[in-house]
Every structure is written in structure tokens, then in C-alpha cells.
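**Q** I have a structure I would like to understand better, so I am pasting it below and will then ask my questions one at a time.
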Amino acid sequence: MKYNKLIKNSIAVSEIGFGAWQLGKSTDWKSMTDNEAIELVHKALDLGINFFDTAPNYGLGTSEERLGKALCNYDRSKIVINTKFGHSEKGELNFSSDIIKQSLDGSLKRLKTEYVDSLIIHNPPFEYLDGNKNDHYEILEKLKEEGKIRAYGASLDTYKEMKTFITTTNCEVIEAFYNIIHQDAAKAFNLTKEKNIGIIVKIPLDSGWLSGKYNEQSSFDDIRNRWSKEDIIIRAGLVNQIKKLIPGDYDLAQTAISFCLANNAVSTVIPGIKNNDQLLKNIESANKAISNELVYKLEKFYQEEIEKLNLPW
């Protein structure tokens, strides 16, 4: 496992992180039991993963709770935890600065820890990103002084969002929506490197499309039902074209993760993990670096064929 710097006051993080959304209880799919979730986290630790990403609304608080139980007997100084603010443990949206401390205190209690390495605002509306117009960042700075967080940032999807946020706040970390099909965020990566801002890559498999298991006949009855039939047909066609660019002995999902890691602005990638097989496959991706030539082909394909489509996430 390779480790990269993410936050200046925390240890280096594993380049394959643990996206803990699927640790939580859910009515949308057959979720894990408490013991299965804890065992999966322990397996990840044994394999060298030390970065964990969660949020209050993941499983309505149960992702944080299960992660807290799993980590409670490990050396906290060797683990990096990122959680979020804005989507509550009750599933409600509230980005008011008045409840940042309340939200964080709830997360700390569920996680059984005295601090988190980073607290990020969870996909906020654009008007909250300007540090000159919001008092959120004064509060976050005070939380750093109090030792409850070591850094703060935001989970963002576009270059426009990232540029505004980076240039008006003292953020140190951004969770960026970046994968083969969505590369707009990469336009801000040179700026993040200049500012020493760590990048966590979210949704590296494009909500499952880059796993290769969906096609134009696929339908969804969970959060992915946001896609229209036309969206599904377009994405299926793009994935088929991407497969043609990838050598025949390459696995699509592992190539998608390796593509993200090929950008030196990226500190860690957080694919979702449901079981040991997915965990092992994600880790193997880090040992299967793709060539600069293939990175160039995938970037060019995005620029020429995908960017103009303005695909919904």
C-alpha cells in the first residue's frame, strides 16, 4: 500500500481509502449486520487501509456508529477519519453555521473519538462556498483551535465550486467528484497542489457504471433512480466506448480506480466497499498502475466525447 499526504497535521493516508457509506443500515438494499461491518473494517486495517470516510446521514448515523465500534480498540493516532456536515443523522439537509458544533459533537460521540482529522461540508449549495460571505469558516477555524478537527473542507463536484472555495477559504482538503466519466474537477487540481490542499476522490466508479455491471437495459430502484432512461442509454454507450480504449487484459473497475490515482494531485480514492471481495479488488487496483498513454486516451475521450454532454451525476 502506498501512502500520501492529505492533511499537514495528520499522518499520510493509504491511497485506497474506505468509503463507509455502505457500512450503514439501509432499507434500500440488504445491508450488513453490525458484526459484518466491524469485521470488514478490521480486514481493511489488516490490509493497510488507514483512511475512513463517513458522514452523519450514512445509514442515518449507523455508519459512524459502526465505524466507531470497529476502531475503538485501535491506536487512534494511526487512523485518519473524515466526516461531514450538512446532511444530518435524521436525513435532513441543514447547512446553517449555527449547528456545525452540534453536528460535529454528534459525529464524535458516534465515532467514539475526541477529534476527526477532517470535517467537510457535504455538497453544500454554491452560496455557502464563499468564505467572504459566510461565518462557517470562522467556526471551523475555532474548532481547529479547540482540537476537535485538524482540518476542514468540502465535498464538491465541479471546477467552478472548487475554485470559489479554494480562493476564499483556508480549506486544506476537498472531496472531489472525479472519475473517467466526470473529469471537470481535475481542472482545479493544479490550484489544489499550489495551495497544498489534499484531494479525496469520491465516486471513482461513477455510482457503479465503471464496474462494468450495468448496461442500457439496467434499471434502478435506489438513489440511482434519478437517471432517466435516456441517461442510462447514454452512460451505457460511453462505458462500451471506454472498454474499447482499455487493453483486453485490464479490469474496468480497477482501471477506473487506477485512472484516479494516476493524477498526482490525488491523495486517496474512496470506492464503496460491501464485502471482502470488493475490498481486495480495490486494493489490487493500486498495484496495477495504468500507462501514461492510457491516461491520455481516457482524458482525450472525456474532452472530445463526454464533456459536452453535461451528464448528471
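**Q** Any residue that is closer than 30 Å to L279 by Cβ, without any contact (Cβ under 8 Å) to a residue 60 or more places away in the chain, in contact with a strand residue (DSSP E or B) (Cβ under 9 Å, 6 or more places away or on another chain) and buried (at least 17 other Cβ atoms within 10 Å of the Cβ) - is there at least one of those in region 226-234?
**A** Looking for residues that are closer than 30 Å to L279 by Cβ, without any contact (Cβ under 8 Å) to a residue 60 or more places away in the chain, in contact with a strand residue (DSSP E or B) (Cβ under 9 Å, 6 or more places away or on another chain) and buried (at least 17 other Cβ atoms within 10 Å of the Cβ), one finds none in region 226-234, hence no.
**Q** Another question, if that's okay. Run down I38, I49 and say which single residue is among the hydrophobic types (A, V, I, L, M, F, W, C), assigned to a loop (DSSP other than H, G, I, E, B), under 30 Å from K288 (Cα atoms) and in contact (Cβ under 8 Å) with a residue 24 or more places away in the chain.
**A** I49
**Q** Checking I99 against (1) buried (at least 18 other Cβ atoms within 10 Å of the Cβ); (2) of a type in the set (A, V, I, L, M, F, W, C); (3) assigned to a helix (DSSP H, G or I), which test does it fail?
**A** If we test I99 against (1) buried (at least 18 other Cβ atoms within 10 Å of the Cβ); (2) of a type in the set (A, V, I, L, M, F, W, C); (3) assigned to a helix (DSSP H, G or I), just (1) comes out false.
**Q** Take the residues of region 292-313 that are at pLDDT 95 or above and of a type in the set (S, T, N, Q): which is surrounded by the fewest Cβ atoms within 10 Å (Cβ to Cβ)?
**A** N292
**Q** Among the residues of region 233-250, which ones are at pLDDT 95 or above and over 12 Å from L298 (Cα atoms)?
**A** Just the residues of region 233-250 that are at pLDDT 95 or above, to begin with: 233-246.
Listed by number, the residues that qualify are I233, I234, R235, A236, G237, N240.
**Q** Can you name every residue in region 7-35 that is aromatic (F, W, Y), in contact with a helix residue (DSSP H, G or I) (Cβ under 7 Å, 6 or more places away or on another chain) and assigned to a loop (DSSP other than H, G, I, E, B)?
**A** Once the filter is applied, which keeps residues that are aromatic (F, W, Y), in contact with a helix residue (DSSP H, G or I) (Cβ under 7 Å, 6 or more places away or on another chain) and assigned to a loop (DSSP other than H, G, I, E, B), region 7-35 yields nothing.
**Q** Also, I was wondering about something else. Among the residues in region 73-87, are any over 18 Å from the mean Cα position of the chain (by Cα), farther than 25 Å from Y178 by Cα, part of a loop (DSSP other than H, G, I, E, B) and without any contact (Cβ under 8 Å) to a residue 12 or more places away in the chain?
**A** Within region 73-87 (the criterion being over 18 Å from the mean Cα position of the chain (by Cα), farther than 25 Å from Y178 by Cα, part of a loop (DSSP other than H, G, I, E, B) and without any contact (Cβ under 8 Å) to a residue 12 or more places away in the chain), the answer is yes, since at least one residue qualifies.
**Q** Let me ask something additional. Under 9 Å between Cβ atoms, which residue pairs at least 6 apart in sequence (or on different chains) link something in region 248-260 that is at positive phi with a partner that is at pLDDT below 95?
**A** Short answer, once both residue conditions are applied: none.
**Q** Name every residue in region 16-68 that is over 18 Å from the mean Cα position of the chain (by Cα), under 27 Å from A286 (Cα atoms) and β-branched (V, I, T), in order of residue number.
**A** Selection gives I38 alone.
**Q** If you don't mind, there's one more thing I want to ask. Only one of (1) under 18 Å from F177 (Cβ atoms); (2) surrounded by 18 or more Cβ atoms within 10 Å (Cβ to Cβ); (3) of a type outside the set (F, W, Y) is not met by I283, so which one is it?
**A** (1)
**Q** Residues K69, K112: which one is farther than 29 Å from T164 by Cβ, surrounded by fewer than 20 Cβ atoms within 10 Å (Cβ to Cβ) and in contact with a Cys (Cβ under 7 Å, 6 or more places away or on another chain)?
**A** K112 is the lone residue from the list that is farther than 29 Å from T164 by Cβ, surrounded by fewer than 20 Cβ atoms within 10 Å (Cβ to Cβ) and in contact with a Cys (Cβ under 7 Å, 6 or more places away or on another chain).
Condition check ((1) of a type in the set (S, T, Y); (2) touching a strand residue (DSSP E or B) at 6+ places or on another chain (Cβ under 9 Å)) across all residues:
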position	(1), (2)
N4	no, yes
E15	no, yes
G19	no, yes
I49	no, yes
Y58	yes, yes
G106	no, no
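**Q** On to the next question. Filter region 213-269 down to residues that are among the acidic types (D, E) and assigned to a helix (DSSP H, G or I) and give me whichever is nearest to N179 (Cα to Cα).
**A** Residues of region 213-269 among the acidic types (D, E): 216, 221-222, 230-231, 249, 251.
Among the residues that remain, those that are also assigned to a helix (DSSP H, G or I) are: 230-231.
Numbers: E230: 21, D231: 17 Å.
Selected residue: D231.
**Q** Need the failing condition index for K274 against (1) in a helix (DSSP H, G or I); (2) charged (D, E, K, R); (3) surrounded by fewer than 17 Cβ atoms within 10 Å (Cβ to Cβ); (4) in contact (Cβ under 8 Å) with a residue 60 or more places away in the chain, just the number.
**A** All conditions are met except number (1).
**Q** From the residues in region 162-192 that are farther than 27 Å from I139 by Cβ and of a type in the set (D, E, K, R), which one is farthest from the chain's Cα centre (by Cα)?
**A** It comes out as K187.
**Q** If you scan region 72-96, which residues turn out to be among the aromatic types (F, W, Y) and loosely packed, with under 14 Cβ neighbours inside 10 Å?
**A** Y74
**Q** Could you identify the single residue in E145, E216 that is out of contact with any His (no Cβ under 6 Å at 6 or more places or on another chain), touching a residue at least 12 places away in the same chain (Cβ under 8 Å) and not polar (S, T, N, Q)? Can you show your working first?
**A** Values: E145 fails: touching a residue at least 12 places away in the same chain (Cβ under 8 Å).
That would be E216, the only listed residue that is out of contact with any His (no Cβ under 6 Å at 6 or more places or on another chain), touching a residue at least 12 places away in the same chain (Cβ under 8 Å) and not polar (S, T, N, Q).
**Q** Taking the condition surrounded by fewer than 20 Cβ atoms within 10 Å (Cβ to Cβ) and not in a helix (DSSP H, G or I), does K160 pass?
**A** No: the conditions fail for K160.
The values are calculated or read from the model by the stated rules, or taken from the named source; none is laboratory data. Quick caveat, the model's predicted, so the values are computed rather than measured. Don't worry about glycine lacking a Cβ; one is built from the backbone with ideal geometry, like all the others, and counts go over all protein chains shown.
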